[in-house]
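Just below is one structure, and these are the notes that go with it.
Every number here is computed from the coordinates shown, using simple stated rules; none is lab data. The structure presented is a predicted model; accordingly, all values stated were derived computationally and were not measured. Heads up, the Cβs are rebuilt from the backbone with ideal geometry, glycines too, and the neighbour counts pull from every protein chain shown.
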């Protein structure tokens, strides 16, 4: 494993662990979904503006018009992704919504094959299919807190929509290889501020310090820091490895959901989580089904 892959792997792991706590912050903020996303974008933009200025990334000519347009496209996709994902939490639990959301590696793999010429091997399909089976097991183990069937189904659809828009944003980041990830993230959250500004009601702002602290943390840590790590990793890693490491996110979210809100994991959920981890390890370590079979029979 070369140094670029090692660095990208560390960045992606850290980004996914941070992402695993986002559901707790969304729920505890007590704000409507559009408001949470707006403040996340605004505080993220402020923090990233400071970082980009300190790094000298605001000088003219650093990013071309075409690249800026791709970054804006990714920003639109990211904002739609957040809106749909956060809305899904109220229909399905954080654990279920987050795990369904992580079907995005399948979408990203297909988009990579269509637009980037990435090769889809039989081994990659095997591990992604196994991960999907684990996800399906978790979805089938519907928690009692998920509400009625109609609401639960809507939550699944919202999470799937969020996954699609995440895959589009990741594809945009891949097209921008060589562009500083700090600058990409700044353009994208600034796009989010402009998108959501017309929807904001500034006469109904959070009324306590805890809510503001949560929103600021979501902007600085879950947006500024996390997306710099994420886009830096995406630019260094092949798509199949990005997809494998992304499965850290739902496992972290399930654990946070259990600790913070007491949502107990059912046996089928535990089986599904373990299956996803095995699939992620298989893609990370380059295992093949044939090699595993030989090791087992040898």
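Odds and ends about this structure:
- Per-residue ellipticity at 222 nm computed for the chain from its helices equals -24500 deg cm²/dmol, with DSSP H segments shorter than 4 residues left out and the rest contributing -39,500 (n - 2.57).
- Take the Cβ atoms of residue 59 and residue 157, set R0 to 41 Å, and the FRET efficiency comes out at 0.40.
- Exposure proxy ranking, count of Cβ atoms within 10 Å, fewest first, for 123, 103: 123, 103
- Taking N as its residue count, the alpha carbon Rg of region 1-149 over 2.2 N^0.38 Å: 1.26
- Gain upon complete extension [residue 110, residue 17; 0.36 nm per residue less C-alpha separation]: 31.0 nm
- Relative to its Kirkwood radius, the Cα radius of gyration of region 3-297 gives an Rg/Rh of 0.97.
- Computed Rg/Rh of region 144-292, alpha carbon atoms with Kirkwood Rh: 1.01
- Extension gain, residue 140-residue 66: 0.36 nm per intervening residue step, less the Cα-Cα distance, totals 22.3 nm.
- Descending by average beta-carbon neighbour count within 10 Å, the peptides 171-184, 42-55 line up as 171-184, 42-55, the highest first.
- Relative contact order of the chain, pairs being alpha-carbon contacts under 8 Å that are 6 or more residues apart, as %: 40 percent
- Each label was represented as a point 7 Å from its Cα along the Cα-to-Cβ direction; for residue 255 and residue 90 these points are 3.0 nm apart.
- With a simple spin-label model that places each label point 7 Å from the Cα along the Cα-to-Cβ direction, the separation between residue 126 and residue 270 comes to 2.8 nm.
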